[in-house]
Amino acid sequence: MVIEIEQAEQTWRLLWSHIACQIISRLPAHEPCEIVFAGYGWGLRNRHTQRALLIHPTAEGREIGDLSLTVRGEGGQVIPRYGGDLLRYEDQVTDIVETVVRSYLLDQPCAR
């Protein structure tokens, strides 16, 4: 039973890590940013300012949302799902990440 729970947890993390990777990979390319990953998370880092963001499977607060956004030096936040389906949630996360990229990472439009 414990092994099944651990396997389910690992599968859940891998699934959401893959979705995070897809979201980051589909973002428009902007200079001077590059794709980064850490643990199960994927994100972008501005090479000049070292500012970075990461989307990753939620550790605590999964009842709110499956993915969280962490901004280097600013902390993290669960991205609420509001009971929406997977595709709607993925679009919502993409919109949030694009907004944070423009407002936090860029002075100008990130190359991958």
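The values are calculated or read from the model by the stated rules, or taken from the named source; none is laboratory data. This is a predicted model, so every value here is computed, not measured. Heads up, the Cβs are rebuilt from the backbone with ideal geometry, glycines too, and the neighbour counts pull from every protein chain shown. Note: areas computed on protein heavy atoms with side chains; ligands, DNA, RNA excluded. Shrake-Rupley method; radii C 1.70, N 1.55, O 1.52, S 1.80 Å.
The figures follow:
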item: Selection count, the stretch 48-60, where residues are open to solvent by less than 20 Å² (accessible area, probe 1.4 Å) and either of a type in the set (S, T, N, Q) or out of contact with any helix residue (DSSP H, G or I) (no Cβ under 6 Å at 6 or more places or on another chain) (or both); result: 2
item: Long-range neighbours under 8 Å by Cβ, at least six apart or interchain, first residue over 18 Å from residue 79 (Cα atoms) within the stretch 13-35, second of a type in the set (Val, Ile, Thr); result: 25/35; 26/94; 30/101; 33/101; 35/24
item: Number of the condition not met by residue 9 [criteria: (1) open to solvent by less than 40 Å² (accessible area, probe 1.4 Å); (2) assigned to a helix (DSSP H, G or I); (3) not aromatic (Phe, Trp, Tyr)]; result: (1)
item: Test result for residue 24, touching a helix residue (DSSP H, G or I) at 6+ places or on another chain (Cβ under 9 Å), part of a helix (DSSP H, G or I) and of a type outside the set (Asp, Glu); result: yes
item: Residue 82, sole failed condition from (1) assigned to a loop (DSSP other than H, G, I, E, B); (2) within 15 Å of the chain's Cα centre (by Cα); (3) surrounded by fewer than 16 Cβ atoms within 10 Å (Cβ to Cβ); result: (2)
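So that you can scan it fast, the table gives a plain yes or no per residue for (1) modelled with pLDDT of 90 or more; (2) of a type in the set (Phe, Trp, Tyr); (3) under 14 Å from the mean Cα position of the chain (by Cα); (4) part of a strand (DSSP E or B):
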{"position": "5", "(1), (2), (3), (4)": "no, no, no, no"}
{"position": "15", "(1), (2), (3), (4)": "yes, no, yes, no"}
{"position": "28", "(1), (2), (3), (4)": "no, no, no, no"}
{"position": "36", "(1), (2), (3), (4)": "yes, no, yes, yes"}
{"position": "56", "(1), (2), (3), (4)": "yes, no, yes, yes"}
{"position": "99", "(1), (2), (3), (4)": "yes, no, yes, no"}
